[in-house]
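Readers should treat all values here as calculations from the given coordinates under stated rules, not as data from a laboratory. Keep in mind the model is a prediction, meaning the values are calculated, not measured. In this analysis, Cβ positions are derived from the backbone assuming ideal geometry, glycine residues included, and neighbour counts consider all displayed protein chains.
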């Protein structure tokens, strides 16, 4: 299940306010920002995971994905720009 990051009513960013341990039922309450990685789409998260598992080799990723190197490079550049914008919003 994908963690929601936007309010279904007004589309504003959601914040984390409660964490819960399933084993001992301890609860941690507070107001926390959503980690940057969690603010990405599932597809974007998967791309980053593949990037890490490929040791940062865009050539290897392009081969695995069946895409051209420039296409994969552009996807990475788009993600870098998105991270910069998300950081600026903090």
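Hull volume per residue, based on the alpha-carbon atoms of the chain and their convex hull, is 145 Å³. Taking 7 Å steps out from each Cα toward its Cβ at residue 49 and residue 71 produces label points 2.1 nm apart. Compared with the dominant principal axis of the Cα atoms in the chain, helix 69-89 is inclined by about 30°. Diffusion coefficient (Stokes-Einstein, Kirkwood radius over C-alpha pairs, 25 °C, 0.890 mPa s) for the stretch 36-89: 214 µm²/s, rounded to a whole number.
Determine the relative contact order of the stretch 36-89: mean sequence separation of Cα pairs under 8 Å and six or more apart, normalised by residue count, in whole percent. Don't jump to the answer; show the numbers that get you there.
Working: 21 pairs, mean separation 16.1, N = 54.
Over the stretch 36-89, the number comes to 30 percent.
Helix 42-53 and the longest principal axis of the Cα set of the chain meet at an angle near 60°.
Listing 88, 77 from the residue with the fewest other Cβ atoms within 10 Å to the one with the most, what is the order? Present the calculation step by step, with values, prior to reporting the outcome.
Values: 88 7, 77 10.
Least to most surrounded, the residues fall as 88, 77.
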